[in-house]
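Quick note: the coordinates plus some simple rules give every number you see, no bench work behind them. Treat the numbers as computed from the prediction; the structure is a model and nothing was measured. With ideal geometry, Cβ positions are generated from the backbone for all residues, glycine too; neighbour counts draw on all protein chains shown.
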Amino acid sequence: MKIAVCVKYVPDATGNRHFQHDKTVDRVGVDGLLSELDEYAVEQALQIKEKAGSPDDVEVTVLCVGPEQAIDAVRKALQMGADNGVHVQDDAIAGSDAIATSLVLAKAVQWGGGADGGGMPYDLVMCGMASTDGAMSVMPAMLAERLSLPQLTLASKIETQGVQVRIQRDGDVATQVVVGEMPLVVSVTDQSGEARYPSFKGIMAAKKKPVEILALSDIGVDADDVGLSAAWTVVEETTARPPREAGEIVKDEEGSGASALAAFLATQKFI
């Protein structure tokens, strides 16, 4: 079995995130990391590998589209235990929206079937439920459409038996069990189980694992079909978050602190 896990390199939520002059998110001048929600997809792929009769029978490949720094997201997944990586890096990709990104990812998936991308080399294509920066949650469906594959989405539990994949989907009022046959696209929620931390052994082993660096021309994507100029959606206006104001210190003089706190909570409509 071959599994492809699509991951995203996102700006660190604890860092100073901002837009560039063209109103695209700065992904180069800020610290970034593997999207936390994609870690769950990597984890579930690794669990499928570990539960197989022989782990050598399952190969986990990590696919990422992004700038040069995005290789860090691939490395993190390799440190967790993935076998190899594919990083599509091209200056023309900057500013791409979800539609263009899904095109590049789909072509990267198909590239694994040969230089002409003529085959479907993976039994499973796995994704997180959304990215932690865009939070659009549309990539699994777009990939399934472009690859002409069925999709099982929002899985909190995944089981495989032969070519059959069974997932559990937890809703607000009910739990569904959905079954499909490979090849297919699966998206994983953050309820599927905590992702593992890379061990020292895994970190050292990742240094020897192969990572293929591809340009758009390698996977058969025209530069005119991606980037900001080809985007179907654009950001028209941004407003910087105002600086945090100094807090108010209330001294508890003669037992008045509780009343002052209650009054503050009431004005903020917390109570």
Can you classify the range 196-271 as rounded, prolate or oblate using the Cα gyration tensor, where a ≥ b ≥ c are the square roots of its eigenvalues, rounded means a/c under 1.5, and otherwise it's prolate if a/b beats b/c and oblate if not? oblate
Taking neighbour counts of Cβ atoms within 10 Å as a proxy for exposure, in what order, fewest first, do 101, 153 appear? 153, 101
Convert each backbone phi in the range 157-168 into a coupling constant with the Karplus relation 6.51 cos²θ - 1.76 cosθ + 1.60 (shift: θ = phi - 60°), then list the ³J(HN,Hα) values in order as whole Hz, x for Gly and Pro. 8, 10, 10, 10, 8, x, 8, 8, 10, 10, 10, 10
Using amide H atoms built 1.01 Å from N in the peptide plane, name the residues 5+ places from residue 227, or on other chains, whose amide H lies under 5 Å from its own. 96, 97
Check cross-link reach from residue 76 to the lysines: straight Cα distance under 27 Å, and skip same-chain residues fewer than eight apart. 2, 8, 49, 51, 107, 157, 201, 207, 208, 209
Taking N as the number of residues in the range 4-105, what is its alpha-carbon radius of gyration divided by 2.2 N^0.38 Å? 1.16
Cβ-Cβ FRET estimate between residue 259 and residue 94, R0 fixed at 51 Å, reported to 0.05: 0.40
Between 110, 47, 151, which gets the highest mean-square fluctuation from a Gaussian network model of the chain, Cα cutoff 10 Å? 47
Near the amide H of residue 157, under 5 Å away, which other amide H atoms are found, from residues 5 or more places off or on another chain, if H is placed in the peptide plane? 168
Neighbour-count ranking [beta-carbon atoms within 10 angstrom, fewest first] of 17, 241, 75: 241, 17, 75
Quick one: work out the % antiparallel among DSSP beta bridges in the range 2-230, nearest 5. 40
Where labels lie 7 Å past Cα in the beta-carbon direction, separation of residue 248 and residue 190 in nm: 3.2
Estimated [θ] at 222 nm from DSSP helical runs (n ≥ 4, -39500 (n - 2.57)) normalised by residues in the chain, nearest 500: -7500 deg cm²/dmol
Separation in nanometres of the label points that stand 7 Å from Cα toward Cβ, at residue 51 and residue 31: 3.5
Please give the length that would be gained between residue 233 and residue 161 if that part of the chain were fully extended, namely 0.36 nm times their separation in residues minus their C-alpha to C-alpha distance (nm, one decimal). 21.9 nm
Hz values of 3J(HN,Hα) by residue in the range 196-211 - Karplus curve (6.51, -1.76, 1.60), Gly and Pro given as x: 6, 8, x, 7, 4, 4, x, 5, 5, 5, 4, 5, 9, 7, x, 10
Taking the alpha-carbon centre of each part, the distance from the range 206-271 to the range 132-175 in Å is 26
Share (percent) of C-alpha pair distances in the chain greater than 29 Å works out to 39
With label points built 7 Å along Cα→Cβ from the Cα atoms of residue 177 and residue 240, find their separation and express it in nm. 5.6
Relative contact order of the chain (C-alpha contacts under 8 Å, at least 6 apart) in percent is 22
Report, by chain and number, residues whose modeled amide H sits under 5 Å from the one on residue 152, excluding near sequence neighbours (fewer than 5 apart, same chain). 185, 186, 187
Short version: ³J(HN,Hα) in whole Hz for each residue of the range 64-77, in order, from phi by Karplus 6.51 cos²θ - 1.76 cosθ + 1.60 (θ = phi - 60°), x for Gly and Pro, what are they? 9, 10, x, x, 4, 5, 5, 4, 5, 5, 5, 4, 4, 5
Checked the range 73-169 with the C-alpha gyration tensor, a ≥ b ≥ c its square-rooted eigenvalues, rounded below a/c of 1.5, otherwise prolate if a/b is larger than b/c and oblate if not; verdict rounded
Could you pull out which residues in the range 162-177 have an amide N less than 13 Å from a spot 7 Å beyond the Cα of residue 1, following the Cα-Cβ vector? 162-167
By count of other Cβ within 10 Å, fewest leading, how are 271, 158, 99, 3 ordered? 271, 99, 158, 3
